[in-house]
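Here is the structure we will look at.
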Amino acid sequence: MIYKVSYVVVGGEDPGAIANVDKPPQVGDRVTLGSHEFEIVEILELMPPRGEFSFLHATCKMVTRGVE
């Protein structure tokens, strides 16, 4: 299964990202987008899985700022 994840950052501090990942993200996981680290605070399924793909939305908060 491939998980297409839309990462959205609370407060608009970062534009977020869309990424394909091999395992589903979980609340509390940390993810690096660009040079920043984020913690996932909410996961929503956008639509039922289709074939090999699952579509998820992950709301994140910034944990650390990278080098700009």
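The values are calculated or read from the model by the stated rules, or taken from the named source; none is laboratory data. Here the structure is a predicted model, which is why all the values come from computation and not from measurement. With ideal geometry, Cβ positions are generated from the backbone for all residues, glycine too; neighbour counts draw on all protein chains shown. Areas reflect the complete protein model, heavy atoms only, side chains present, ligands, DNA and RNA absent. Shrake-Rupley method; radii C 1.70, N 1.55, O 1.52, S 1.80 Å.
Suppose every K and R has +1 on its Cβ and every D and E has -1 on its Cβ; what is the size of the dipole of the chain about the Cα centre, in Debye to the nearest 20? It would help to have the intermediate numbers written out before the result.
Numbers: 6 positive and 10 negative charges, 25 e Å.
Once rounded to the nearest 20, the dipole reads 120 debye.
So what's the net charge close to E52: Lys and Arg +1, Asp and Glu -1, counting the other residues with Cβ under 13 Å from its Cβ?
Details: positive: K4, R50; negative: D22.
It works out to a net charge of +1.
What is the set of long-range amide H partners of D29 at a cut-off below 5 Å, with H atoms built 1.01 Å from backbone N?
Under 5 Å from the amide H of D29: I40.
Can you list the residues, at least 5 places off or on another chain, whose amide H is less than 5 Å from the amide H of G16, using H built in the peptide plane?
The list, which skips near neighbours in sequence, is V9.
Can you give the accessible area per residue of the chain, in Å², using a 1.4 Å probe?
Numbers: 4410 Å² over 68 residues.
Accessible surface, normalised per residue, equals 65 Å².
Using θ = phi - 60° and the Karplus form 6.51 cos²θ - 1.76 cosθ + 1.60, what ³J(HN,Hα) does each residue of the range 34-42 get, whole Hz, x for Gly and Pro?
x, 9, 10, 10, 10, 10, 7, 10, 7
How much FRET efficiency would the formula 1/(1 + (r/R0)^6) give for K61 and N20, where r is the Cβ-Cβ distance and R0 is 30 Å, rounded to 0.05?
Details: r = 22 Å, r/R0 = 0.75.
That gives a FRET efficiency of 0.85.
Quick one: Karplus J couplings for the range 14-21, per residue in order, coefficients 6.51, -1.76, 1.60, θ = phi - 60°, nearest Hz, x for Gly and Pro?
3J(HN,Hα) across the range 14-21, in whole Hz: 8, x, x, 6, 10, 9, 9, 10.
Normalise the Debye intensity by I(0) for the chain, one equal point scatterer per Cα, no solvent, then take log10 at q = 0.20, 0.25, 0.27 Å⁻¹ and round to two decimals.
Taken in order of the listed q values, log10 I(q)/I(0) reads -0.74, -1.07, -1.20.
Carbon and sulfur together cover what percent of the accessible area of the chain at a 1.4 Å probe radius?
Working: 2350 of 4410 Å².
That share works out to 53 percent.
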